[in-house]
Each structure stands twice: as C-alpha cells, then as structure tokens.
Amino acid sequence: MTGVVGRSVESITAALRAVFTAEQVAATDGFLQRRDPRVTLVAVAGLALAVMITRTLAVTVGFAGLTLALAWLSAVPLRRLLARAAVVPLVSALIVLPQAVLLPGEVVASVFGLAITDAGVAYVVLFTLRVGVGVALLSLIVLTTPFSAVVAALRQLRVPVALVWVIAITYRYLFLFFDELQRLILARNSRTKGEATLRGGWRDGRRVAGTFLLRTLDRGERVGRGMRARGGARPPSPYRRSRSVDAGDYALLVVAAVAVVGSGVIRWGL
Amino acid sequence: MEPVINAHGLTHEYPDGTTAISEVSLTISEGERVAVVGANGSGKTTLQLALGGLIEPTAGSVDYFGETTDAEAVRERLGVLLQDPDDYLFNTTVREDIEYGPAQLGQSRETAARRVEALADDLGLNGLLDRPPFRLSGGEKQRAAVASVLAFDPDVLLLDEPFGAVDATYRERIQRRIVDHDGAVVLFTPSLDLVPAIADRVILVGQNGTIAADGAVREVVTDRSLLAEQGLRPPPTVRLFEGIAPDDEVPLTIAAARQSLLNGEF
Ligand SMILES: Nc1ncnc2c1ncn2[C@@H]1O[C@H](COP(=O)(O)OP(=O)(O)OP(=O)(O)O)[C@@H](O)[C@H]1O
Ligand SMILES: [Mg+2]
C-alpha cells in the first residue's frame, strides 16, 4: 500500500505504537519510578479522578501543572507524554464539539450560519483539557511503572480479580492490535510499487481493513494460547515490586490527597 | 517408565473442514526424548496444541501423568512452546515475559530470578531484558521464547520448531538445554537433520495427519522409502554414507561421522 492513504495509515500506526510502548522510561530512574507501585497507582489515579470532577478552568490548569511537574521529576519526555495524552481528548473533543453551538451564551463567531457561543467554547475547551490531563496522568503510571508491577499493585490493593483481568488483557491486546496493523502494512508495502492513485489507495485500504480484522482475531486467539500455556488461565499474579513505603511515597500521597480534597472543596464547597 | 502423556484417538478438524490430525494415539514416557517429524502442513503444530491442551480436539483425549485429562490442572508441569514467538511473547518487556510463567504458576520470586539470570546468560538475553519483545530480531525473539518456557522448569517440554531463526551459537546452546533437560522432551520439527543429536525416538506424522512411523531414531532415519513417501529426507550423514556404511552402523551425527572417518572405519 503506497500513496497518500498508505503513508498516512503507516505514520498513524507508527505513532500509536510508540505511544503505547513505555518500557524504556519505566527502566530509567526518576521520582515516580522510585515509588512503591501501589502508591503511584493510588496517588496518580486519584489525581486523574479528581481532575475529571473539576468544573473550573483554573483548577484544571493547576492539575496540568502538577502532571507536568511529575513528568519532569520522572524524566518522562514531554513529547511522548503529549503524544500519548492527545489521542483520546482529540476524539472526545469531536464528540463534544456540538456543545459549542448548543450552549446558550454570547455569540463569538458564526460558521455556516451556526452561532458559536462563548459558554460553548469554554465548555469544549475545559472538557478537552480535563480529558487530556486525566489521560496524561494515567499515562504517567504506565510510563513509569512496569506493567506487571501495575497489575501486581492492583491485586495487592484488592481490586476485584475480574477487573484486573480485564485491564491486563485490554492492555496486552492494544499492543497486539498495533503490532498486527504495522506488520500487515509492511507486508503490503513490500509487494506494491510506484505511487498509487488516491482512489486505488482507498480500495487497497478497504481490503487491508478486512484482512486486518480477521488477522487480529486470529492472532488474538493464538496469543491467548500463548498465555494459557504459561498459566494465563489463572488469575493474573505477577511478582510484587512493592517495598516499605518511604518519605517520597508519603510526600506523593499527601500532595495527591491535598489536590483531590482541594478540588472537591472548590467544586462543592465545604 | 511412567507415561507422562498418553493420547488416545486424537482427531482435530478446523472450522473450515481441514482435518489436521486423525486418530493419533501415542504415549510419551518419563525421561524420553522424542522428535515428531513431518512435512509442512502434516499436522505437527495441531498435534502439539492438542497434546498441550491448548485446543479442544474434535475427538479423543489426552491423559497427563496418569492423573488427569485436564491440562490446566497440570499447567506448571507442561512446557508448551508455540511455533511463532510472536504468539508466545506478549508482555511489555522480555524480562516480564520470562517471569510470566513462573509468576502465574506459583513459583517463588527468588527461584524465578535465579532462573531468569541463568537463562539470560546462557541464551544471550542480558542486554535485551528491558526491551519490548516485538522490537527484537527474529532469532532474539525465538531465544526469548525458549527462555520463557524453560523459566518455569516444566517436567515435559513440547517444543514446536525452537531453532528456526536462531544462529549456530545459540542453536547449540538450546540443543544442549534440551538434551540436558531432566524430564521428557517432545520436539516438533519438519527436518530430520538435528534429530539424531537430540532425540532417541522418532514419530513420523504422515501427510494426512496420521502416524506413519514410530520407532528408534536409527530405524526411522535409515528407512529411505518411508521418508521419501512422507516428503522427508534422511539426515546429512545418512546421505553421505549411503552405500558406504550399512544402515545399522551408519553414523547419525556429524561428530560420530568424523570419529569414524578418523578411525578409518569405512
Ligand atoms: N487455523 C486453521 N484453520 C484451518 N486450517 C488450519 C489451521 N491451522 C492449520 N490448518 C491446516 O491444518 C493442517 C496442519 O497444520 P499444522 O499447522 O498442524 O501443520 P505443521 O505440520 O505444523 O506444518 P509446519 O511444518 O508448516 O509448521 C494444514 O493443512 C493447515 O493448512
Ligand atoms: Mg507447525
């Protein structure tokens, strides 16, 4: 698959794949990497939850600042974090976009006869920013903690086994998905030549999409066997990486608690 | 010898109607090293998956260690290595993948750590432990997969073509690990070339997924018409000494052949 469609599909999958690969950062040294995985999980997931309930731009920006600070302390490349955090909010922005028109308020602009209101714009911006910060926080966990340690921490925190199972499998299949897509594109590229027309590219793209679905299902089944061969039919039970909780752990918990309580107070009052 | 795997009348038909194996019955005993050999598409992988309890055969059953017919109940004793390392390595780093089996199958973290270290040394994985498996080369993936199955020290190894893309150095290391394994080993491979150096019994899978022969290595690898019928060819030394040494004396490995040449035997 060559041409415009092929190239863009290729670069999108390459980007997505990079976004979902985290291991190198998890292996480097930094603030979050040195935390007990349970503490990272509770504190950072707490922050993500708190940002989702805020309704104020200033508070959301505050959370964004906290996220960036944590990323900086943990030597997480900002570009990697932003790339990871941008995909979901861009999609969700598309979904809430109509609100820019639907919410009553002062008209700031008019596009194709639709009146865009100031309240509407504020809503869309706040919503997108909140989702973005939330996703960035969750990404920080996976970027700084080996995935098996995250799973082990979930088990230790007595998260229901069924839920841990779903999280573990979903994460693994995300990898698989992008892996399979990239492999398929590589296979096609190696056997097509020249610049295809846009229309040819689309035709090709549709065919690839069909094959992709079948191949992913098939690959999923085979990886399922690979898991079962090594005890995957039993509840996830990776080795714990926790140790005694230290001052840094307490500091993170306190910062997270203050932020969560503070944003709750701002939202609902005392 | 205690049977570790006992299969009766295994038949497997894929949903599209392909009958991959048909009426296979076999017994693997403790400490045995068996090679299951057959042409491409003869049904080796299907047989391995059925023996390993990873597909539900259309008919027949498998008995493990004379105890149970449920593979999940004895998972920690069965080392099933899939043919494609991409199906086998699904964790985010090589280390997590090697630790996955021991952790899931209830081995202590210390035991696992010791084994991971030894395997990484032996199979040249030290620099790769923190890398994601899908970014490794083909041979590296295969070595990581072999390490992952050896990591939980299963009693029976069911290995589907573990050497494919591996270079000579590591092929020898893997070979040594298989030969030194002190449980049963079943090696599934489309070529007889390495079989005499590893196995003492050969099971030939015929074109239609039935067992075409089952016997001692020498007996099977010198039966040229049988092999030709199955689309296989004898190991290199057997071809080399054709018409020079009688079948019951022909050296089966390169080392044995060299020795007999030095001794001026033929
Ligand atoms: N998922 C499937 N669906 C349908 N047919 C299949 C499937 N997997 C394998 N087959 C068919 O079943 C037969 C046996 O396949 P199998 O993979 O067991 O062969 P094999 O002996 O392992 O071959 P190879 O040496 O190439 O690995 C083949 O004819 C193959 O085309
Ligand atoms: Mg096969």
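Here are the numbers for the structure shown:
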quantity: Matching residues, region A:231-255, being in a loop (DSSP other than H, G, I, E, B) and out of contact with any Asp or Glu (no Cβ under 9 Å at 6 or more places or on another chain); calculated: A:232, A:235, A:236, A:237, A:240
quantity: Inter-residue pairs, beta-carbon under 6 Å, first over 24 Å from residue B:50 (Cα atoms) and within 7 Å of chain A (Cβ to nearest Cβ) and in region B:83-101, second open to solvent by 20 Å² or more (accessible area, probe 1.4 Å) and among the acidic types (Asp, Glu), 6+ apart; calculated: B:93/B:130
quantity: Wholly enclosed helices (runs of 4 or more DSSP H) of region B:19-106 bearing at least 1 residues away from ligand 2 (no atom under 16 Å from the Cβ) and open to solvent by less than 10 Å² (accessible area, probe 1.4 Å); calculated: B:94-104
quantity: The one condition in (1) within 14 Å of chain A (Cβ to nearest Cβ); (2) more than 16 Å from ligand 2 (Cβ to nearest atom) that residue B:118 fails to fulfil; calculated: (1)
quantity: Cβ pairs under 6 Å, 6+ apart, first in region B:248-266 and in contact (Cβ under 8 Å) with a residue 12 or more places away in the chain, second among the hydrophobic types (A, V, I, L, M, F, W, C); calculated: B:250/B:238; B:250/B:241; B:251/B:257; B:253/B:197; B:266/B:244; B:266/B:245
quantity: Hey, residue A:133 among the hydrophobic types (A, V, I, L, M, F, W, C), crowded, with 22+ Cβ neighbours inside 10 Å and modelled with pLDDT of 75 or more or not; calculated: yes
quantity: Given (1) assigned to a helix (DSSP H, G or I); (2) open to solvent by 30 Å² or more (accessible area, probe 1.4 Å); (3) more than 11 Å from chain B (Cβ to nearest Cβ), index of the condition residue A:182 fails; calculated: (3)
quantity: Some residue of region B:204-220 being within 16 Å of ligand 2 (Cβ to nearest atom), within 14 Å of chain A (Cβ to nearest Cβ) and under 20 Å from residue B:84 (Cβ atoms); calculated: no
quantity: Selection within region A:221-234 - in contact with a Phe, Trp or Tyr (Cβ under 7 Å, 6 or more places away or on another chain) and either farther than 16 Å from residue A:173 by Cβ or open to solvent by 70 Å² or more (accessible area, probe 1.4 Å) (or both); calculated: A:230
quantity: Any hit, region B:54-70, residues being more than 22 Å from residue B:106 (Cα to Cα), within 12 Å of the chain's Cα centre (by Cα) and within 12 Å of ligand 1 (Cβ to nearest atom); calculated: no
quantity: Matching residues, region B:107-135, being outside any helix (DSSP H, G or I) and open to solvent by 70 Å² or more (accessible area, probe 1.4 Å); calculated: B:130, B:131
quantity: Selection from region A:235-250 of residues that are out of contact with any Pro (no Cβ under 7 Å at 6 or more places or on another chain) and open to solvent by less than 50 Å² (accessible area, probe 1.4 Å); calculated: A:236, A:237, A:238, A:239, A:248, A:249
quantity: Filtered residue count, region A:73-101, keeping only those that are surrounded by fewer than 16 Cβ atoms within 10 Å (Cβ to Cβ), not aliphatic (A, V, I, L, M) and not in a loop (DSSP other than H, G, I, E, B); calculated: 1
quantity: Matching residues, region B:25-46, being away from chain A (no Cβ under 14 Å) and within 16 Å of ligand 1 (Cβ to nearest atom); calculated: B:26, B:34, B:35, B:36, B:37, B:38, B:39, B:40, B:41, B:42, B:43, B:44
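Every residue, every condition in (1) modelled with pLDDT of 95 or more; (2) under 18 Å from residue B:195 (Cβ atoms), yes or no:
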position	(1), (2)
B:119	yes, no
B:125	yes, no
B:143	yes, no
B:151	yes, no
B:159	yes, yes
B:164	no, yes
B:168	no, yes
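The values are calculated or read from the model by the stated rules, or taken from the named source; none is laboratory data. Bear in mind that the values here come from a model prediction, so they are computed numbers and not experimental data. Methodologically, a virtual Cβ is constructed for each residue, glycine included, from the backbone with ideal geometry; neighbour enumeration extends over all protein chains shown. Heads up: the accessible areas ignore ligands, DNA and RNA and are worked out on the full protein's heavy atoms, side chains in. Shrake-Rupley method; radii C 1.70, N 1.55, O 1.52, S 1.80 Å.
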